[in-house]
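Accompanying notes for the structure given below.
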Ligand code: NDP
């Protein structure tokens with residue numbers, strides 16, 4: 001274990017599965033104390049039990065990141081508890097479909113979760129970081145923040161937005177000594193495709209991008225990339241990291 005994260009209080013959104021869950025394990029093993037959030041309380045509880053047994057200090061904040069008032073209330077609670085040193089802004093959803101299908105509810109869900117949720121989380125902790133003149137915000141965008149593909153118009157739009165917000169925030173946060181990193185994963189083997197309700201697209205994505213025999217990324221690969229960004233000396237800001245499986249174009 002290195003000493004970089006010892007005593008740091010880290011909030012991970014979307015910690016109930018996939019990249020968030022693996023990141024919680026990795027950062028716990030590096031000595032951080034954790035605030036874990038997501039909607040599925042049972043999943044958070046079993047992860048917390050596992051980490052607490054290993055000596056990690058964990059608190060749970062089951063919250064829907066798209067609910068502005070709940071996120072503001074959570075921000076207030078975190079402030080009362082002394083604030084957050086590092087935010088892993090990871091919660092997201094990907095109900096892909098062609099735009100012609102007009103699945104407006106799904107578009108709104110992606111915008112509310114992937115853009116507004118990311119902003120609400122930043123707003124909950126960034127003013128405190130700016131005041132204390134230290135902090136690190138890691139936003140999880142995607143390779144889809146750089147390239148688009150059919151059926152991913154809205155998803156890509158949300159991830160382009162996260163990348164743009166991250167880069168602007170990084171420039172603004174320099175004077176507060178707050179670091180900002182945008183992590184851009186390619187295909188990672190997680191539950192993310194389960195959010196695709198469009199049957200044909202769901203099948204196509206499972207087969208072509210997440211097929212059983214394909215050596216796509218594991219959540220732990222992204223957790224390692226997050227740790228790499230976090231473990232740099234204070235004068236180093238890893239602004240962006242694009243991580244693809246070797247087989248992905
Ligand atoms: P998972 O589906 O495994 O994890 C998504 C996490 O987000 C879950 O913990 C889920 O928890 C949480 N979440 C979703 N909606 C909400 C909400 N409204 N409020 C609170 N939490 C929410 O997928 P991944 O681990 O793959 O996804 C993590 C991030 O990585 C996402 O932002 C995704 O876009 C991004 N990404 C993933 C890639 C991949 O190939 N897997 C590639 C590129 C980027 P719960 O349902 O309990 O609320």
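What follows is calculated from the coordinates using simple rules that are stated; it is not laboratory data. All values derive from a computational prediction rather than experimental measurement. Positions of Cβ are backbone-derived with ideal geometry, glycine not excepted, and every protein chain shown enters the neighbour counts.
For the range 10-55, a tally of residues being over 13 Å from residue 230 (Cβ atoms), over 15 Å from the mean Cα position of the chain (by Cα) and not in a helix (DSSP H, G or I) returns 4. Just one of (1) within 12 Å of the ligand (Cβ to nearest atom); (2) within 16 Å of residue 223 (Cβ to Cβ); (3) buried (at least 23 other Cβ atoms within 10 Å of the Cβ) fails for residue 37. It is (2). For beta carbons closer than 8 Å, sequence separation of 6+ or different chains, a first residue in the range 91-104 that is over 22 Å from residue 191 (Cα atoms) and a second that is part of a loop (DSSP other than H, G, I, E, B), the qualifying pairs are 101/198. Each residue in the range 87-119 was checked for being under 24 Å from residue 238 (Cβ atoms) and surrounded by 24 or more Cβ atoms within 10 Å (Cβ to Cβ), and 9 pass.
For the range 36-45, a residue qualifies if it is touching a strand residue (DSSP E or B) at 6+ places or on another chain (Cβ under 6 Å) and under 20 Å from residue 183 (Cα atoms), and the qualifying residues are 36, 37.
Looking only at the range 15-33, filter to residues that are touching a helix residue (DSSP H, G or I) at 6+ places or on another chain (Cβ under 6 Å) and over 15 Å from residue 222 (Cβ atoms); which one of those is nearest to the ligand (Cβ to nearest atom)? My answer is 16. Picking from residues in the range 219-233 that are touching a residue at least 40 places away in the same chain (Cβ under 8 Å) and more than 14 Å from residue 184 (Cβ to Cβ), the one that is surrounded by the most Cβ atoms within 10 Å (Cβ to Cβ) is 230. The residue that is nearest to residue 124 (Cα to Cα), among those in the range 40-74 that are in contact (Cβ under 8 Å) with a residue 24 or more places away in the chain, surrounded by 17 or more Cβ atoms within 10 Å (Cβ to Cβ) and more than 12 Å from the ligand (Cβ to nearest atom), is 58. Of all residues in the range 153-177, those satisfying the criterion of being within 20 Å of residue 225 (Cβ to Cβ) and more than 16 Å from the ligand (Cβ to nearest atom) are 167, 169, 170.
The lone criterion from (1) closer than 18 Å to residue 113 by Cα; (2) surrounded by fewer than 19 Cβ atoms within 10 Å (Cβ to Cβ) left unmet by residue 12 is number (2).
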